[in-house]
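The values are calculated or read from the model by the stated rules, or taken from the named source; none is laboratory data. Fair warning: this is a prediction, and the values are worked out from it, not measured in the lab. No Cβ is skipped: glycine too gets one built from the backbone with ideal geometry, and neighbour counts run over all protein chains shown. Ligands, DNA and RNA are excluded from the accessible area calculation, which covers all protein heavy atoms including side chains. Shrake-Rupley method; radii C 1.70, N 1.55, O 1.52, S 1.80 Å.
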Amino acid sequence: MASSSSSLLKVTTNSQTPVVHVYNFGDGVILQVKVNGSTNGCNAKVEFQLKNCSKQWILHWGGIYRGQTNWVLLVDRPNGTTVYKQQALQTPFVKSGDAHLVTVELRDPKVYAVEFVLKDERQERWLKLNHQNFRVEIPNAVNSASHPPIPKDLVERKAFFLWESMGRPRNSPEQQQKNYELALQELQSQLSRGISLNELQNSFLPAKTKKVADSKEPSAVVDSVTSSTYHRRHDVGQWLHKRSQGQAQIPCSVSSGLINVVEKAIGGESVVSRQSFQVGNHEIVVILRGDYHVLVATNMQGTTVLHWGLSKFSGEWLAPPPEMVPKRSKLVDGACQTYFNDMTVGEHFFQWADIDLQRRNFTAIQFILWDGGSWIKNNGLNFCAVLNEIQTEGEGVGTRIIKWLLDEISQKEKEAERSLMHRFNIATELTERCKGEGELGLIGIMVWLRFMACRQLTWNKNYNVKPRTWKLMSAFIRDHASCNASLLTSSVTLPGFYSEISAAQDKFTNLLQRTYSGQPDHREILRLIMVSIGRGGQGDVGQRIRDEILVLQRNNDCKGGMMEEWHQKLHNNSSPDDVIICQALLDYVRSGFHIDIYWRTLNASSLTKDILRSYDRPIVSEPRFRADSREGLLRDLTSYLKTLKAVHTGADLESAIDTCLGYSAMGNDFMKGVRVNPVGALPSRLQEYLSFVKMHVEDKNIGPVMEGIMFFISLMLQNLCLSTVDNEDLIYCTKDWYRVCDSYKPTNEQWALQAKAVIDRMRLALSDKSQYYQDRIQPSAQYLGNLLSIEKWAIDIFTEELIRSGSATVLSLLVNRLDPVLRKIANLGCWQVISPVEVCGFVTVVKELITIQSKVYKKPTIILADKVSGEEEIPDGVVGVLTPDMPDVLSHVSVRARNSKVCFATCFDQSVLRNLKLKEGKVISIQLRLTRLVISDISSSDLSLGHFISASIPRGATLIRKNFGGKYALAMEEFTSEMVGAKSRNIQYLRGRVPSWIKIPTSVVIPFGVFETILASDLNKINELRCKMRHSRIPWPGDEGEERWNQGWQAIKKVWASKWNQRAYISCRKGKLNHDHICMSVLIQEVISADYAFVIHTRNPLSGDSMEIYTEIVKGLGETLVGAYAGRAMSFVTKKSDLKSPIVVGYPSKQIGLFIKKSLIFRSDSNGEDLEGYAGAGLYDSVPMDKEQKIVLDYSCDRLLNDKGFQHSISSKIAEVGKIIEDLYRSAQDIEGVVKDGEIYVVQTRPQI
């Protein structure tokens, strides 16, 4: 890099801009990691800097070679570094000024990353990143010799915008230099992405030099405002905020000998949770009871002390309040120490302590033990037991609420309705008192205030709220003005006299602000509370409400009648109703003084004559103005409306934007000086974006502004990521959306398919959040609403309307605007036809398909189901299922729909669905036209029941009962049709017949009849199974201990028990199969820890084309595909004549992937599956021995999506597998398999019916 005095900066390979990573640990502690240099240069340096930290931390670290995972212990180490167990390096941080530093120089060119954690040696505490190591990669040297030089003034302008976006902080010279380096780095990155230097220079021209686009040319505005050049990409991964669940990974429900003994001795009634820890040969258990008592017990011997604290959110340790301290305890610095009580029950001895939480909702108890000689910890950490929320039975609610709080709110409502001042004061008091109740307490406060904000409660009743020191204000006016006119035109600044309402509101909002900072898990609810109470005045804006109404009356000669009544109300107690009244007056004047328009506006916001009369200063008259005052009234009422909104709302789009950008009221005299200053440090680019919204929000044709909509989707996603707890899914949606925006190709079908998948996942995330709100908030709304005699309709829609008022709804509206455009580009239409069958039937609307699966319909019925889970069987008598849900084409429920000749389709167009729901009870016909459905009304007399009846008759499916063959376990070479099901036989058939590159897992089977024989004789025949598994080189669970075998045995029993699940029983009934003849064998295989799982249909099930192979593939295990987990799998079609040219026809939108460690899986293999004319796919359960781990999926770094070469290789291999297996069987096949490290495994195949 040239010196700072040079006018141009060259981008060279030996002068790389530092990469800076910042991690915030809370309490102001920040770790900054700066990486200088590159792997190619062999001279990289990593600087670790801890700020605002008073403790002595150690850097626990190692290097990583490319392609490896083990840490490398580097030869070049900082001073003071020690080797830890030959596995890692440990370097203490050294104090340097206000920070602590460690600098690592990397001279080994093979090191491409450094992994690390931080260790607090005093407390044996480790800091990790979401339970994983921190990792920083060393950048490759940037070869940018072909890039033009970057002018210094451009870098400086970029640095200025960075500084502006940070809020214009006061920077030291060192920080200014860092901003300069970051600016240079961003510009280099933009050049490397193909953005020209000229485009970069134009993007940083001052706003006043840019062409102001005319509103008639929206495309020009899009080019100047929303070009991808200007889209800032945040590292949204750093915004991850998971709801606190305690630090230790603890099973939700455990069973142990000590737990049983403790519960028997002390009382196990109404147990909410049980948690167990193993320490050497001793056990520690924590039991939470429904009476808010926590029992901590251990079977350790000798005097033992419990050193403990409580948590309200993750990582917190709070000493209990004095009134909560148990007997034989004492408070020490920041903790409580409690001596255990001894107890003997029969032969069992244990010690126990009882902590009464006093009905306070803490999230966890943290503790360590003192045994008289040493501290006992949980692998170097505190023991942490999660305290599940206790269910409180409200009257008729029966779910989680804070009953005492809601009851007290109800009692205080009479006092609260006197005025907003009284309400805010009571809200402050109750919020302080319910701090220990966690989120549910804040939900109670929020519900109450929202009922108020929605006019379900009285604003004010016969109470006069006067401004403080009103006499002082009068004296001020008298002393500083010789007459009203001179005062109103003078430039003197009025003092900030606040009303009592403002003081009460400020006190409450200040409390909410402190709570927001201290309780990050509750920020969503705190935001909703803030929305309910309005923004409040800033500076003298609250006082201006009183002053400006006088000016408005004087300017327009309207001092009597309704205006004087309103003036008296405003002086007495202004409320959000005044915004509505002002808007009604404006509409009245605009209409040419038509009084019905005035009442229409009021009534639209539920302001009636009765409500106007109910004010303590009632409004009983109608407005009357002189005809020649129209222009003045429009001017002054518009100005006054802004002032009212500045205090009371700010929630409408125009007002919110104006508040950000600032505005001046354009009235006369005094009103000319009314001004709201713009938000400080607002980036100039954002100001343009906001102006863009105002200009185009009502546009009907979104084609010219498509990029603008995409940009605002990015903004809304970022907003939700920042404002939402448990935001992991939203973060990955945002990362995926960034990728889609960066590859924007407005007419490209593949791009549209990818964008469609991402917005489908956004919808799922929004739906999950909506359901969470319903489950969490609606019970409190129901209980409190009934106490306060709120109208039933307002209670029923409470949570729904709450959701509609948030940014999630804005995102939903944007997505809905974009979705049809993407579908058109991708040639998708509004239907995804899963089972293409033409049918006729009566329309029935249901919420969830699973709720009606056992029903038998006597007439042909077409179900409109909002939700299809994939777990259900389609009811008998149903000929069609239409849903907005997105089950996979190759999921089990979809396969069974096609086998049963049931029309099954997803509808993407909400308007089409709404119209169909209006046809409930009527008869419709569904016909196929290429990839879409044509739906038309028909009369019931045209409905042919003859076809319906014949369609339900079995088509030759027979079920033969199997008998026990005398063996309790079979190796693969022993499989026969009399002893095992079709799954096992097909696996046996494939082994040795497919090429070696197609892997077939070794299998063992527990054959037909074993379950019934063991049940009848109570025999234990595990030895035979153990021998067969060892002979087949399948790990025997018992080798890892008796507990592991018990897990395997439980899984086997679950497979047997699945014979009686409701789905299977209904399917047998529909197929007229004798359920008693169902026999179950159990196929045992090693679980392949899959990177991906796939299902192949070698005849395209959508088109029926036998020359096409259709495949769906998901990350992780295949249950998310065949079980129709929310979202769609990736799908592709391959011509059998050209297996090397697969075509992607759908991209993934599944939120969850299932992953598992090395384990066994026990697969159901009955005699009632894959019969001729009857597909029993997915009717019975397959159970892994270990629980799968649910991982929220991040597609932005998924190789299958981002590496086209890898994608092509894997999809081609899978298609070839399908062709080979179909050729072996000489019939179409339904094949399941997995991909692991690029290898293909087939785990089962069956005929495709």
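Here is how the numbers come out for the structure above:
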read-out	value
Top-ranked residue in segment 1006-1062 [being among the polar types (S, T, N, Q) and within 39 Å of the chain's Cα centre (by Cα); ranked as nearest to S977 (Cα to Cα)]	S1058
Residue count for segment 406-419, restricted to those that are open to solvent by 10 Å² or more (accessible area, probe 1.4 Å) and out of contact with any Lys or Arg (no Cβ under 6 Å at 6 or more places or on another chain)	8
Filter pass, Q86 being modelled with pLDDT under 80 and open to solvent by 50 Å² or more (accessible area, probe 1.4 Å)	yes
Any chance K569 is at pLDDT below 90 and not in a helix (DSSP H, G or I)	no
Helices (runs of 4 or more DSSP H) contained in segment 1118-1226 and holding at least 2 residues over 30 Å from Q1062 (Cβ atoms)	1199-1202, 1204-1225
Single unsatisfied condition, Y1125 versus (1) at pLDDT 95 or above; (2) in contact with a Lys or Arg (Cβ under 9 Å, 6 or more places away or on another chain)	(1)
Segment 1078-1125 - residue that is among the charged types (D, E, K, R) and without any contact (Cβ under 8 Å) to a residue 40 or more places away in the chain and, of those, most open to solvent (accessible area, probe 1.4 Å)	D1105
Hey, K403 closer than 30 Å to Y773 by Cβ, at pLDDT 80 or above and open to solvent by 30 Å² or more (accessible area, probe 1.4 Å) or not	yes
Matching residues in segment 425-440 - criterion: being closer than 26 Å to S502 by Cβ and surrounded by fewer than 24 Cβ atoms within 10 Å (Cβ to Cβ)	N425, I426, T428, E429, L430, T431, E432, R433, C434, K435
Given (1) within 30 Å of Q778 (Cα to Cα); (2) at pLDDT 85 or above, number of the condition L552 does not satisfy	(1)
Any hit, segment 49-66, residues being aromatic (F, W, Y), modelled with pLDDT of 75 or more, over 33 Å from the mean Cα position of the chain (by Cα) and open to solvent by less than 20 Å² (accessible area, probe 1.4 Å)	yes
Candidate set from segment 308-346 (those that are in contact with a helix residue (DSSP H, G or I) (Cβ under 9 Å, 6 or more places away or on another chain) and among the aliphatic types (A, V, I, L, M)); member that is surrounded by the most Cβ atoms within 10 Å (Cβ to Cβ)	L310
Count of segment 613-629 residues which are part of a helix (DSSP H, G or I), closer than 25 Å to D557 by Cα and either open to solvent by 80 Å² or more (accessible area, probe 1.4 Å) or modelled with pLDDT under 90 (or both)	3
Flag if K1059 is in contact with a strand residue (DSSP E or B) (Cβ under 8 Å, 6 or more places away or on another chain), open to solvent by 10 Å² or more (accessible area, probe 1.4 Å) and of a type in the set (K, R)	yes
Residue in segment 861-883 that is surrounded by fewer than 20 Cβ atoms within 10 Å (Cβ to Cβ), among the polar types (S, T, N, Q) and within 24 Å of Y1110 (Cβ to Cβ) present	yes
One residue from V20, V11 being surrounded by 14 or more Cβ atoms within 10 Å (Cβ to Cβ) and either modelled with pLDDT of 55 or more or not in a loop (DSSP other than H, G, I, E, B) (or both)	V20
Test: residue in segment 901-916 that is closer than 19 Å to I874 by Cα and open to solvent by 50 Å² or more (accessible area, probe 1.4 Å)	yes
Pairs where the first residue, in segment 359-379, is touching a residue at least 40 places away in the same chain (Cβ under 8 Å) and the second is in a strand (DSSP E or B) and open to solvent by 60 Å² or more (accessible area, probe 1.4 Å), C-beta under 8 Å, 6+ apart	I368/W375; L369/W375; I376/W370
In segment 869-888, residue nearest to K1072 (Cα to Cα) [restricted to those that are in a strand (DSSP E or B) and free of Cβ contacts under 8 Å to residues at least 60 places away in the same chain]	V878
Residue that is modelled with the lowest pLDDT [pool: residues in segment 28-40 that are open to solvent by less than 40 Å² (accessible area, probe 1.4 Å) and assigned to a loop (DSSP other than H, G, I, E, B)]	T39
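Residue-by-condition table, conditions (1) over 20 Å from K1150 (Cα atoms); (2) open to solvent by 10 Å² or more (accessible area, probe 1.4 Å); (3) not aromatic (F, W, Y):
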residue	(1), (2), (3)
S723	yes, yes, yes
E728	no, yes, yes
I731	no, no, yes
K735	no, yes, yes
V740	no, no, yes
A752	no, no, yes
A755	no, no, yes
V758	no, no, yes
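Okay, residues lined up against (1) crowded, with 22+ Cβ neighbours inside 10 Å; (2) within 22 Å of L1171 (Cβ to Cβ); (3) touching a residue at least 40 places away in the same chain (Cβ under 8 Å); (4) among the polar types (S, T, N, Q):
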{"site": "S1196", "(1), (2), (3), (4)": "no, no, yes, yes"}
{"site": "D1203", "(1), (2), (3), (4)": "no, no, no, no"}
{"site": "S1212", "(1), (2), (3), (4)": "no, no, yes, yes"}
{"site": "A1215", "(1), (2), (3), (4)": "yes, no, yes, no"}
{"site": "G1218", "(1), (2), (3), (4)": "yes, no, yes, no"}
{"site": "A1228", "(1), (2), (3), (4)": "no, yes, yes, no"}
{"site": "E1232", "(1), (2), (3), (4)": "no, yes, yes, no"}
{"site": "D1237", "(1), (2), (3), (4)": "no, no, yes, no"}
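Conditions tested, residue by residue: (1) assigned to a helix (DSSP H, G or I); (2) of a type outside the set (A, V, I, L, M, F, W, C); (3) under 23 Å from the mean Cα position of the chain (by Cα).
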residue: S812; (1), (2), (3): yes, yes, yes
residue: V821; (1), (2), (3): yes, no, no
residue: V833; (1), (2), (3): no, no, no
residue: G841; (1), (2), (3): no, yes, no
residue: S854; (1), (2), (3): no, yes, no
residue: Y857; (1), (2), (3): no, yes, no
residue: I862; (1), (2), (3): no, no, no
